[in-house]
Each structure stands twice: as structure tokens, then as C-alpha cells.
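The values are calculated or read from the model by the stated rules, or taken from the named source; none is laboratory data. What you are looking at is a predicted structure, and each value in this text was computed from that prediction instead of being measured. Cβ coordinates were reconstructed from backbone atoms using ideal geometry, including for glycine residues, and neighbour counts include every protein chain displayed. Just the protein is used for accessible areas: all its heavy atoms, side chains included, with ligands, DNA and RNA removed. Shrake-Rupley method; radii C 1.70, N 1.55, O 1.52, S 1.80 Å.
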Amino acid sequence: MNNNAANNSSNLHGLADGVLRPLGFEVLDVQVQNPGRRPIVVIRMDRLDEQPVTVEDLEAASRAVGAEFDRLDPISGEYRLELESPGAKRPLTRARHFERMVGLKARVRGEGHAFTAPIKAVQGEQVTFDCEGEDVTLTVGTFQGNLAEFPDRHR
């Protein structure tokens, strides 16, 4: 993604989160796909109450974000807006996200690390991973984390 697309994703993230948070949702990730042609804005969201995201939630969120984007026109030209639940590759961006998934594997990139390992523990903003028997502890916000295995039940 070029820097302009990255800046646009950040702006869109803020706009979408401002609309969705009062409705009980949080924006986990915003991606602008197909920049330069007819872009697709993909917003991955979750519920603040940590319940599963429903089709009705996605419809309500899509209407709210679509209305705000129509009002502010943050993307020039035509684009497609897609909202989705976190899915199997859920972004893990807050300590609470890691707490919910303790025991499951996460894909970690950043702060000089690149590994996939089980989440062992979370204490404050520190997340410890079990990297083949060695503990690796990182601070939330200094690395990128995504769920690497799907839980057998909602967490």
C-alpha cells in the first residue's frame, strides 16, 4: 500500500470509528483495496460488548458509515464500501483482544519479531507468547498481531 493509501486508511478509520463507537461497535481495521481504480473500502469491525457480530449489525453499521461517508465525501470518485466481522485473521490491537484469545496462536510482526505462536499471558499492556518454549513478551501497540487460528467457540 502506498503512503497516500495508508494515510487515507487512517483517516477513514477515524471517521468510521467515530460513527460506529456510539452504536456499540469498534473498528479493528480499514483497508483501501484497488487504489487508483474503483477502490473498495473494507472495514473490519467488532462489537464492544464482545458478542458475535450479526448480519443485522453489519447492515446497521454499513448504513451509518455509508451515510457519513456520503456526507463528508472522504474518497474522490466512485468506491465500494464493505463491512465485515473480524473473521479468522482477526486483528489484535488492544490488550483485551489478546486476553480473549489466550491459548490460541497469533501471527506477530514488528519490533524485530516475526513469528506465529500461542498467546501465553497478558499482564497490563504486556503480551507473552510461547515461542517454542521461550517466552517472548511484547508491548501492545508496538507490533502487529493477528489471530492465526480460529477458536472453537466465540470468545
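Looking at Q123, V136, G110, which one has the Cα that reaches farthest to the positive end of the dipole of the chain (charges on Cβ: Lys, Arg +1; Asp, Glu -1)?
Looking along the dipole axis, the top candidate is G110.
Please calculate how many Å² of accessible area the range 75-154 carries per residue, with a 1.4 Å probe and no DNA, RNA or ligand atoms counted. Don't skip to the end; give the middle numbers.
Numbers: 4520 Å² over 80 residues.
Here the per-residue accessible area is 57 Å².
Within the accessible area of the chain, what % is carbon and sulfur when the probe is 1.4 Å and the other protein chains stay in place?
On the way: 3900 of 8620 Å².
Roughly 45 percent of what the probe reaches on the chain is carbon or sulfur.
Taking the Cα atoms only, what angle lies between the long axis of helix 3-20 and the longest principal axis of the chain, rounded to 10 degrees?
Tilt of helix 3-20: around 90 degrees.
Taking the Cα centre of the range 28-155 as origin, work out the dipole magnitude from +1 charges on Lys and Arg Cβ and -1 charges on Asp and Glu Cβ, in debye rounded to 20.
Values: 18 positive and 22 negative charges, 44 e Å.
The calculation lands at about 220 debye.
For the range 54-59, what does the Karplus curve 6.51 cos²θ - 1.76 cosθ + 1.60, with θ = phi - 60°, yield as ³J(HN,Hα) per residue in whole Hz, taken in order and with x for Gly and Pro?
Whole-Hz 3J(HN,Hα) from phi for the range 54-59: 9, 4, 4, 4, 5, 5.
Give me the base-10 log of I(q)/I(0) for the range 86-149 at each q in 0.12, 0.14, 0.23, 0.25 Å⁻¹, Debye formula, one uniform scatterer per Cα, rounded to two decimals.
-0.22, -0.30, -0.88, -1.06
Mind listing the long-range amide H neighbours of R155? Cut-off is under 5 Å, sequence gap 5 or more, other chains count too, H placed in the peptide plane at 1.01 Å from N.
Residues meeting the amide H criterion: none.
Assuming a viscosity of 0.890 mPa s and a temperature of 25 °C, what translational diffusion coefficient in µm² per second does Stokes-Einstein assign to the chain, Rh being the Kirkwood radius over Cα pairs? Kindly include the intermediate steps, with their values, before the conclusion.
Values: Rh = 16.6 Å.
Stokes-Einstein gives a translational diffusion coefficient of 148 µm²/s.
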